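Working notes, structure below.
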Amino acid sequence: STTTEVNAHPAAGATVADVLDEVPGARPYRTGTLGSFTSASLRGAEIDHTAVLLGDLPISGADAAAFDLSTIPTALIERVVVYRGGAPVWLSQGAIGGIVQLVPRQAHGRELSATATAGSFGLWGLSTDSALVRERDHDGPSLYSAAGVASSEGDFTYLNPTNVLTTLE
């Protein structure tokens, strides 16, 4: 298995697919740009042969359609654990390719943060996250929340087959 900390990817707008880019044997599949369907293939298997778990809870399985990883914001994920092929029995989903386990972020103290993103082609985004932990002896109450929005106009110019510059809008 390979464990990757999401905090190691501080770039604004980083996605779960960006984290998977660094995992050996994992290949993210994107069908387009920001917000488009994104899934993962492990060890060259089909994307629907990769199970996705949120913590220990299966959110996709080997017998269902591929899960869209772009629906999970990285602000809610602490780390990504990838099991290529065999996985521990308690996580086993029978997936041929393997398992992508998204471990939810937990509150470790009081914090509040906000991020603003701007980029080319009309890219912009705003996000905020907060954590609150009550005084506790062991594993008492904690709260972690995140909210955000991102958008891109994608108004870039390209050379179409007739050799005429065109702007997408």
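Please treat every number below as a calculation from the coordinates, not as lab data. Quick caveat: nothing in here was measured; it's all calculated off a predicted structure. Quick reminder, even Gly has a Cβ in these numbers, built from the backbone with ideal geometry, and neighbours come from all protein chains shown.
Summary table below
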| quantity | calculated |
| --- | --- |
| Förster radius 25 Å - calculated FRET efficiency between ALA118 and GLU22, Cβ distance, rounded to 0.05 | 0.50 |
| Spin-label model distance (nm) - ALA14 vs PHE37, 7 Å beyond Cα toward Cβ | 2.7 |
| Nearest-0.05 FRET efficiency for HIS108 and PHE156, computed from C-beta distance (R0 30 Å) | 0.15 |
| Cα centroid of the stretch 95-126 to Cα centroid of the stretch 35-80, whole Å | 15 |
| Nitroxide proxy distance, nm - points 7 Å out along Cα→Cβ at LEU143 and LEU91 | 3.0 |
| Note, ³J(HN,Hα) from phi for the stretch 117-126, Karplus 6.51, -1.76, 1.60, rounded to Hz, x at Gly and Pro | 10, 9, x, 6, 6, x, 6, 8, x, 9 |
